[in-house]
1. With +1 on the Cβ of every Lys and Arg and -1 on the Cβ of every Asp and Glu, and nothing else charged, how large is the dipole of the range 206-283 about its Cα centre, in debye rounded to the nearest 20?
2. Given labels modelled 7 Å from the Cα in the Cβ direction, how far is it in nm from Lys164 to His109?
3. Using +1 at the Cβ of each Lys and Arg and -1 at the Cβ of each Asp and Glu in the range 2-203, identify which of Cys5, Ser62, Ser46 lies farthest towards the dipole's positive end.
4. To make sure I understand the rule: partners must be lysines, Cα under 28 Å from the Cα of Lys235, and not fewer than 8 residues away in the same chain. Which ones qualify?
5. I'd like to know which of Gly18, Pro203, Gly110 lies farthest towards the positive end of the charge dipole of the chain, counting +1 on Cβ of Lys and Arg and -1 on Cβ of Asp and Glu.
6. Relative to the Cα centre, what is the charge dipole magnitude of the chain, using +1 at the beta carbon of each Lys and Arg, -1 at the beta carbon of each Asp and Glu, and rounding to the nearest 20 debye?
7. In debye to the nearest 20, how big a dipole does the range 131-222 give about its Cα centre with +1 on each Lys and Arg Cβ and -1 on each Asp and Glu Cβ?
8. Per residue of the chain, what 222 nm ellipticity follows from adding -39500 (n - 2.57) for every DSSP H run with n ≥ 4, rounded to the nearest 500?
Amino acid sequence: MIYVCKMLDITFPIIQGGMGNISNAQLSSAVTEAGGLGTIGCGTMSPSEVEEIILETKKRTSKNFAVNIAINVSPYVVQLIELVIKHKIPIVTLSAGNPAPYIPILHKHGILVMALVASVKHALKAEQAGADILIAEGFEAAGINSNLELTTFTLVPQIVKQVKLPVIAAGGIGDGKGLAAAISLGASGVQLGTRLITTKEAPFHENYKKRLLEAGDVDTILVGRSVGRIRRVLKTPYASKIIDLEKRGMTIQDYEKSMTESHHKRGAIEGDLENGFLNSGQIAGLIDNIPSVEELFNKMILEAEHKWQEALEELKMLTRER
């Protein structure tokens, strides 16, 4: 943990997930100011849109933040690489594609690269390509997901066993118990997405936050499996429409037209649950309040410490009783 914190120049080993086209300076800067690593997710946004968020984030914080580039999602990958170099962004996360062609370019400009992976095979390839840190994401996570469907609890220790790089755990983590579990599995930190939606600084629609607060353990659903484009979202009227269309034999073309970033914004920003979707990880069932980002992080660290101490005391008791 300490090694990763020093690498990223952060206080807590907590990283913000990209969040695609609903990414914003308010939340990213709040995460950074609270001691974590804020992240601007590029999604399919144009370089000019991303640049605007970068400049606004720089106004709000002088500390490190990252930019996430989804390689097979964005039509502007080369321009975005040029943009992060132009603005001297110190850390870039590469996801949804092969990071190998871009790592040497980023390293040439002193940019640290984190690669998001969903299997041991992907992790080994990213390590060989020169990534500095790996983010191992289980299929509990929100949004676009791997069709391999490996859980965070099984994925993280297998990757940690096979690579020499620091590994960040992502997917299904939103409190101190999750942080403690991830560290116990060998991770050097965690990535949060869904949990950050329900924070005071997150500028998302109240319908989104309300739906997360109401969610139970089975209130997320996978759409797009029938066309090989898996995405985890909250159960909403619009998500039900997509599932019904899939049952009738939805084509990949129809799916892509129905699950655009415009539909994402309609749900998350405008609160239109009839015509837009809400990304959500399975951690939704554990969310029951709306703290500030700083309050959330401080509570996570204290809770993780308490759980480790509690477990250690119980293990000592078991040893004494043998």
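Nothing in this text is a laboratory measurement; each read-out follows from the coordinates by a stated rule. Only a predicted model underlies this, so the values are computations on that prediction, with no experimental measurement involved. All Cβ positions, glycine included, derive from the backbone under ideal geometry; neighbour counts span all protein chains shown.
1. Using only the charged Cβ atoms, the result is roughly 180 debye.
2. 2.8
3. Cys5
4. Partners within reach: Lys177, Lys200, Lys209, Lys210, Lys247, Lys257, Lys265.
5. Gly110
6. Numbers: 34 positive and 35 negative charges, 132 e Å.
Dipole about the Cα centre, nearest 20: 640 debye.
7. Details: 8 positive and 10 negative charges, 42 e Å.
Its charge dipole is roughly 200 debye.
8. So the calculated ellipticity at 222 nm is -13500 deg cm²/dmol.
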